[in-house]
1. B:Val204: net charge of surrounding residues, Cβ under 13 Å, Lys/Arg +1, Asp/Glu -1, itself excluded?
2. For segment B:1-75 and segment B:156-217, what is the separation of their Cα centres, given in Å?
3. For chain B, report the convex hull volume of the alpha-carbon atoms normalised per residue, in Å³, without decimals.
4. Quick one: which residues, 5 or more positions from B:Leu136 or on another chain, have an amide H under 5 Å from its amide H? H modelled 1.01 Å from N in the peptide plane, none for Pro or chain starts.
5. Work through the residues other than B:Gly109 whose Cβ is under 15 Å from its Cβ and net out their charges, Lys, Arg +1 and Asp, Glu -1.
6. Pull out a ≥ b ≥ c, the square roots of the eigenvalues of the alpha-carbon gyration tensor of segment B:198-308, then state rounded if a/c is under 1.5, prolate if not and a/b is larger than b/c, and oblate in the remaining case.
7. Who wins for biggest fluctuation among B:Phe261, B:Phe57, B:Phe269 in a Gaussian network model of chain B, springs between alpha carbons below 10 Å?
8. Once a ≥ b ≥ c are taken as the square roots of the eigenvalues of the Cα gyration tensor of the protein assembly as shown, is the result rounded (a/c under 1.5), prolate (a/b larger than b/c) or oblate (a/b not larger than b/c)?
Amino acid sequence: MGYATTTVRAIAAPALSILAALVIGGIFIAWAGENPLSVYRLVVAESLFERTGWRDTLSRSTPLILIGLGLAVGFKASVWNIGAEGQFVAGAAAAIAVLGTVDLPSVIAIALGIVLGALGGAAWAAIAAMLITRYEVNDVIATLLLAFAAVPLLNWVARGPLKDPESFLPQTRQVGSGELPDIPWLDTHIGIIFALLAVAAMAWVMRATRFGYLVRAHGANRNAVYANESRRSSITVGILLIGGSFAGIAGYVVLAGEQLRVSGGTATGFGFTAIIVAILGRNNPIGVLASAVGLSALLVGAEAAQRQTGLSVTLMQAVQALIVICVVTGNALAERRGRTSARKSPA
Amino acid sequence: MILAQTEITTLVFWTAVLASGVRLSVSVGTAAIGEMITERAGVLNLGLEGTMIIGAFAGFAAAFESGSVWVGLAGGALAGGAVGLLFGLLVVMIRVDQVVAGLSITLFGLAITAFLNTEIYGDSPIPPRVPTPSILRIPLLEDLPLIGEAFFQQNRVAYVAGAVIVGMAWFLRRSYSTIVLDAAGEAPEAADAAGHRVTIVRLVATTAGSALAGLGGAVLVVGQLGFFNSNITAGRGWVALALVIFGRWRPTWIVVGAVFFGTLDALQFRFQTLDSAIPFEFFIALPFVVTLVALAIGSRGVHGPSALGVPFRRSTESS
């Protein structure tokens with residue numbers, strides 16, 4: 001078996017898998033009484049070829065890239081932080097708690113917002129880290145239940161201690177000078193630049209640092225890492241704090257770039273979609289970037305399709321999950337075939 | 001209705017809390033027993049929440065179209081079993097990563113049921129309803145203080161779900177299948193050497209466990225609420241997963257945990273109207289926080305089935 005076949009397989013398997021997921025989605029579209037091809041054409045046209053479309057795609061993918069990067073580090077190490085939604089909310093709340101009350105020059109306010117977002121997200125993740133490492137609570141359960149607890153607490157924060165006294169609605173004050181400016185000529189906020197910088201930084205960290213090596217080793221064989229390299233808890237704690245920081249920064253970016261205030265509506269599910277982003281991106285920073293943009297385009301297009309045809313956007317959320325199922329299944333099948341044929345022809 | 005603080009000390013209050021607590025615990029308890037069966041065979045199904053909501057929707061649709069609660073329950077269990085079979089094929093046969101497949105099934109289930117519900121039943125603020133089953137009173141026993149209302153004054157579906165839970169617990173205690181089940185989860189190589197088909201055992205356990213999760217979802221919607229909404233399970237599948245760990249993979253303790261959690265949930269609803277300085281959002285978060293605390297106290301040194309989450313590959317297999 002030659003190198004070329006392996007490469008073809010590495011590209012063909014995911015491509016066919018995504019196609020399979022879209023076909024299944026198409027069956028549901030047809031069942032709902034729409035033409036699948038014209039709906040998909042609409043999705044692509046609206047998300048990639050309309051100015052408002054790709055602008056929305058970029059701003060939608062920004063938090064997904066940021067959160068996905070942090071989750072990917074964890075997933076690579078088999079530390080399953082799936083409660084990013086709570087860390088996202090904590091970051092946004094921490095940022096508005098300070099920025100809503102002070103008036104600083106814009107650059108300082110933005111820098112402070114990023115730091116506060118990271119601290120808020122990391123603080124929420126630190127609770128999970130303590131439960132997991134000190135009390136041996138399952139990582140999936142600990143992170144997720146903390147996310148479920150965070151959302152009602154967010155409602156309380158927006159209604160109670162941080163409420164804007166001049167507003168009748170349960171929402172905080174505006175982010176003020178911490179608001180993110182637009183990129184000139186692109187009319188989308190600069191958050192996407194932060195996200196791209198974060199991709200580059202994480203790619204370097206994972207490739208060139210001892211931490212990146214430990215993460216990979218922890219995913220492959222954690223007992224070997226504990227025996228030789230690192231204290232049992234420190235690597236897990238580090239991974240969770242990084243995941244929390246990135247989710248918290250995403251919380252600040254969405255606050256400062258789009259919502260401007262924190263309210264119960266701040267938790268919109270980015271933390272959960274980012275799980276799909278990280279898995280589809282094969283826990284690799286560049287892959288996270290690609291899958292975040294792709295999945296955002298799908299959703300932005302689906303929202304346009306909902307406005308024009310009435311087809312509910314929830315279908316494309318289901319298709320996102322189907323894409324993951326099909327891709328991981330396709331990869332597993334391709335690897336099996338690869339192994340079998342490699343054995344048959346000793347080259 | 002504002003709850004006065006003095007009411008909390010009365011027997012009437014706690015009788016009512018325990019009664020709704022037991023009512024709330026049956027659906028999550030059924031799902032937890034299902035997950036326990038799956039996990040004891042060595043398969044971790046994080047698709048529980050998604051399976052539960054698919055069962056809830058299928059159960060609602062079946063009950064709504066047929067007009068029968070029992071058809072609804074059967075529909076929920078069947079749909080859950082179908083999802084479980086698919087999940088089993090993915091993780092047992094093709095050996096897809098269990099965590100990834102499970103999370104995807106959950107995200108898929110939450111989204112697809114929201115879509116189907118909008119398409120079929122519309123998304124009006126007043127959803128269509130199915131009549132909830134009538135209350136069955138057990139004479140004399142229902143008059144017992146504190147527990148009478150909780151255990152002997154429930155609706156028919158709650159009794160059936162309770163019977164399924166107790167039946168499963170009893171079956172697992174006494175039967176040879178349990179030994180095979182645990183062998184597949186604890187020592188799959190040894191089970192294989194002894195002539196048991198580990199793959200088949202895991203596939204059956206995953207399908208059966210998911211059927212129970214689907215039944216749990218149907219019990220919630222058909223047996224208690226009478227309507228379906230997107231995200232109606234609201235994290236109950238995840239709580240069921242926590243209960244399996246909390247109950248240390250033993251049916252009795254899982255049932256105790258389910259009643260405890262259900263009571264907490266019932267208390268939370270009542271405390272929301274409590275006339276106190278504590279914000280009501282704290283009470284909404286309370287069940288999750290208490291579950292975490294319970295896990296923190298009880299998780300140290302506890303290990304599930306040894307081969308939980310580890311795919312099985314026969315050493316003689318070609319691939």
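Values in this text are rule-based calculations from the coordinates and carry no lab data. No experiment lies behind these values; they were computed from the predicted model shown. FYI the Cβ positions are ideal-geometry reconstructions off the backbone, even for glycines, and counts take in every protein chain you see.
1. Neighbour charge sum, excluding B:Val204 itself: +3.
2. 20 Å
3. 145 Å³
4. Amide H to amide H, under 5 Å and 5 or more residues apart or across chains, B:Leu136 pairs with B:Gln154, B:Asn155, B:Arg156.
5. Details: positive: B:Arg236; negative: B:Glu35, B:Glu49.
Taking every other residue near B:Gly109 into account, the sum is -1.
6. Working: a/c = 2.82, a/b = 1.41, b/c = 2.00.
Because a/c hits 1.5 or more and a/b fails to exceed b/c, segment B:198-308 counts as oblate.
7. Largest GNM mean-square fluctuation: B:Phe269.
8. Taking the square roots of the gyration eigenvalues as a ≥ b ≥ c, the protein assembly as shown is rounded.
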